[in-house]
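Take a look at the structure set out below.
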Amino acid sequence: MSVKFIGYIGFNNGSETQAAVRSRALDTDYVNAAAKAQEEGGFDRVLIPFGSNSPESQIVAAHAAAITTRLGFLVAHRPGFTQPTVAARQLATLDQLSGGRVAVHIITGGADEEMARDGDTRTVKAERYSRTDEYLTILRQEWTEAKPFDHQGKFYDIRQAYSAIKPDNLPVFFGGSSDEAIEVAGRHADVYALWGETIDAVRDTVRAVRKSAARYGRDPSFSLSLRPVIADTEEAAWKRAAEIEEQVRENRVAAGLPLSGHRPVNAGSLRLLDTASSNRRDTRLWTGVAALTGAAGNSTGLVGTPEQVADAMLDYYDIGIDHFLIRGFDPLGDSILYGRELLPVVRRKVAEREAAGLALAG
């Protein structure tokens, strides 16, 4: 099993350490620098996020693809705001123009108030996952059907749909921790995405998704999202993690935002917040920022030297994680550091692990 690394282009070089509420303003110079740095650093893909107030992810990916040659793109996409037939053609076009460097990350929904900003005011979570299920069914038909097709469902009524453009290779990433999400993941996910939880919690989720997927004859891969903090010594790495925590705490206090008593609305954040009940888990898993922010997204990390963090990542690799989505609190600087100091170590250790396994099998 090979290992893949996914970086991040978050529109500008800001994070929770600069402001309590992250800006979604577009900084073209940063996008250019981040794309080129992560290509040079050996990342396989970069995630382009989606939000109700953020720049459009597909357009940013198209721009970044035009200034790179090898880097892949994981385009975050929310079903329900674009017709699935149109989205299928948009993504297939981007796949073709980029030379097969595109994957899509399906984000079913956020908080009700965020969904309302784009006009989705009448659905509840269970309906959104049902809509996503239907949406992805149509998306794949557009990508694969050789003749026009009809579809009549709860959310979409489509007649004689057909796309002249097909993707060469366009994996579907999917996240969500609720029972409804895992059911949809089993039917559609090529790669199921998790946030950074404990080894035991990740193992349980991997098993649940595999069980769901097996009913449909499918065998997905798995991606884990982390915010690594690395330094030359373990002491220096933990000191840096503590400094990051303090910066986040100060920013939230200044903005009048809570540091505790969080009540996240989605199952994934609830699970992550439970993980953050202790600042350190599994030796290297650090949850300080997750606890302060209410586990709002990718907010846990692994802390230590590059060798130590790589060993911790291999613990996840051993239970089925073959993609790692990693980003730092200094987005551009950390991505360069990861490419230089962390990615080569993980790849070496995975290669050694695989070689040892083949030797034993032989």
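The values are calculated or read from the model by the stated rules, or taken from the named source; none is laboratory data. Being a predicted model, the structure only gives us computed values, none of them experimental. Positions of Cβ are backbone-derived with ideal geometry, glycine not excepted, and every protein chain shown enters the neighbour counts. Just the protein is used for accessible areas: all its heavy atoms, side chains included, with ligands, DNA and RNA removed. Shrake-Rupley method; radii C 1.70, N 1.55, O 1.52, S 1.80 Å.
Please work out how much accessible surface Leu47 shows to a 1.4 Å probe, ignoring ligands, DNA and RNA, in Å² rounded to 10.
Roughly 20 Å² of Leu47 is accessible to a 1.4 Å probe.
Which three extents, in whole angstrom, do the alpha-carbon atoms of segment 143-260 cover along their principal axes, largest first?
60, 33, 29
Scan around Lys4 for amide H atoms under 5 Å from its own, H built in the peptide plane at 1.01 Å from N, and keep only partners 5 or more places away or cross-chain.
Under 5 Å from the amide H of Lys4 lie the amide H atoms of His323, Phe324, each far enough along the sequence or on another chain.
Report the residues of segment 65-83 in range of a label on Lys36: point 7 Å along Cα→C-beta, backbone N strictly under 18 Å from it.
65-72
Which of the peptides 65-76, 6-17, 240-251 is most tightly packed, and how do the rest follow, going by the mean number of other Cβ atoms within 10 Å of each residue? Walk me through the numbers on the way to the answer.
Numbers: 65-76: 19.2, 6-17: 22.7, 240-251: 17.3.
Most protected by this proxy first, the peptides run 6-17, 65-76, 240-251.
Working with all protein chains in place, sort Glu40, Glu352, Glu234, Glu197 by solvent-accessible area computed with a 1.4 Å probe, largest first.
Numbers: Glu40 150, Glu352 100, Glu234 70, Glu197 10 Å².
Correct descending sequence by accessible area is Glu40, Glu352, Glu234, Glu197.
Evaluated at 20 °C with a viscosity of 1.002 mPa s, what Stokes-Einstein diffusion coefficient in µm²/s does segment 1-86 have when Rh comes from the Kirkwood expression over alpha-carbon pairs? Can you show the working numbers first?
Numbers: Rh = 13.7 Å.
Stokes-Einstein gives a translational diffusion coefficient of 156 µm²/s.
Could you give the distance between the Cα centres of segment 127-182 and segment 279-350, to the whole Å?
33
In the P(r) worked out for segment 51-186, what percent of Cα pairs fall beyond 17 Å? Spell out each step's value before the answer.
Details: 5549 of 9180 pairs.
Roughly 60 percent, once rounded to a whole number.
List the residues, sorted by chain then number, that are 5 or more residues from Trp195 or on another chain and whose placed amide H is less than 5 Å from its amide H.
Ser225
Please find the FRET efficiency linking Ala355 to Asp29, where r is the Cβ-Cβ separation and R0 is fixed at 56 Å, and quote it to the nearest 0.05. Kindly include the intermediate steps, with their values, before the conclusion.
Details: r = 42 Å, r/R0 = 0.75.
Step by step, r from the Cβ atoms, then E = 0.85.
Loop-only GluC sites (Glu not before Pro) in segment 46-126, please: DSSP not H, G, I, E or B, and at most 16 other Cβ atoms within 10 Å. If you can, show how the numbers build up before the last one.
Numbers: sites: Glu56, Glu113, Glu114; in loops: Glu56.
Those that pass, being in a loop and sparsely packed, are Glu56.
Provide Rg and Dmax in Å for segment 157-211, with only Cα atoms included in the calculation.
15.1, 47
Determine the calculated [θ] at 222 nm for the chain from helices alone, applying -39500 (n - 2.57) to every DSSP H run no shorter than 4 residues and normalising by the residue count; nearest 500 deg cm²/dmol. Present the calculation step by step, with values, prior to reporting the outcome.
Numbers: 13 runs with 164 residues, N = 362.
Value at 222 nm, helices only, nearest 500: -14000 deg cm²/dmol.
Given the alpha-carbon gyration tensor of segment 103-175, what are the semi-axes of its equivalent ellipsoid in whole angstrom, ordered largest first, with each equal to the square root of 5 times an eigenvalue? Please list the in-between numbers first.
Numbers: eigenvalues 127, 51, 18 Å².
Sorted largest first and rounded, they come to 25, 16, 10 Å.
Looking at segment 101-159, which trypsin sites (Lys or Arg not before Pro) are DSSP coil and have at most 12 other C-beta atoms within 10 Å of their C-beta?
Qualifying residues, ordered by number: Arg122, Lys154.
How many lysine pairs are close in the chain, with Cα atoms under 27 Å apart and the two 8 or more places apart or on different chains?
For the chain, qualifying lysine pairs total 11.
Out of all Cα-Cα pairs in segment 68-126, roughly what percent, to the nearest whole number, are more than 18 Å apart? Don't jump to the answer; show the numbers that get you there.
Values: 762 of 1711 pairs.
Summing the P(r) of segment 68-126 above 18 Å gives 45 percent of all pairs.
What percentages make up the Cα-Cα pair-distance distribution of the chain when the bins are 10 Å wide from 0?
Pair shares across the bins are 5, 24, 35, 26, 9, 2, 0.
Through the Karplus equation 6.51 cos²θ - 1.76 cosθ + 1.60, θ set to phi - 60°, convert the phi angles of segment 294-307 into ³J(HN,Hα) values in whole Hz; use x for Gly and Pro.
x, 6, 7, x, 5, 9, 10, x, 10, 10, x, 6, x, 5
Under the 0.36 nm per residue contour assumption, what length would be gained going from the current alpha-carbon distance of Thr137 and Ala236 to full extension?
30.8 nm
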